[in-house]
């Protein structure tokens, strides 16, 4: 796949609050579940615009039949063919994510990983310090065709660690003392099962909830 010189960053653009970040994906391969209902153009309750595209369809458009693919391209396709390209635009800033939909029991989640972020304001050296982490959001498809995304909040998970209600490999790192999960994908997926089955209060932080409506929806 054609590549561009980009700076990869997530938190600088998308979130003003703190979501939970992980070194490893939150999904396991046998739970990946593509849902075409998420494909389309959306506007959210925070003045952002989203474009969700099928990874497989976009990959095939860019790589015409007969073009020899590199081993790297083939690996990329096999890893994300059941996922999405997700473009997020806000205040003329743009970021591209790869999203992988997966099930946790009967719940649908998306694993987000930053793919591209273009900026003339961030130097190449700064970009080399940025780590491409994963986040995850619960997906709720509503009766009015809107979609609610509820990101796993650092506030809620930190409280579980402080109360000793959660044992999961993690680190507190950086100047901002960010919480970064270092557990395996299998451990993370099992954690999400327990998290969804639990009934403790303040499971979701309102700052990390996005409501997406079809871009052509009437007010």
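Under the classification rounded if a/c is under 1.5, otherwise prolate if a/b is larger than b/c and oblate if not, where does segment 11-214 fall, given a ≥ b ≥ c as square roots of the Cα gyration tensor eigenvalues? In terms of gyration-tensor shape, rounded. So if we plug the beta-carbon distance of residue 173 and residue 201 into 1/(1 + (r/R0)^6) with R0 = 25 Å, what FRET efficiency do we get, rounded to 0.05? After rounding to 0.05, the efficiency reads 0.35.
This ranking places 191, 97 by how few other beta-carbon atoms lie within 10 Å of each, fewest first, which gives 191, 97. Segment 65-93 and segment 167-219 have Cα centres spaced 24 Å apart. Counting every other Cβ atom within 10 Å of each residue's Cβ, 213, 64 order from fewest to most as 64, 213.
Readers should treat all values here as calculations from the given coordinates under stated rules, not as data from a laboratory. All values derive from a computational prediction rather than experimental measurement. Neighbour counts are summed over all protein chains in view; Cβ atoms, including those assigned to glycine, are modelled from backbone coordinates with ideal geometry.
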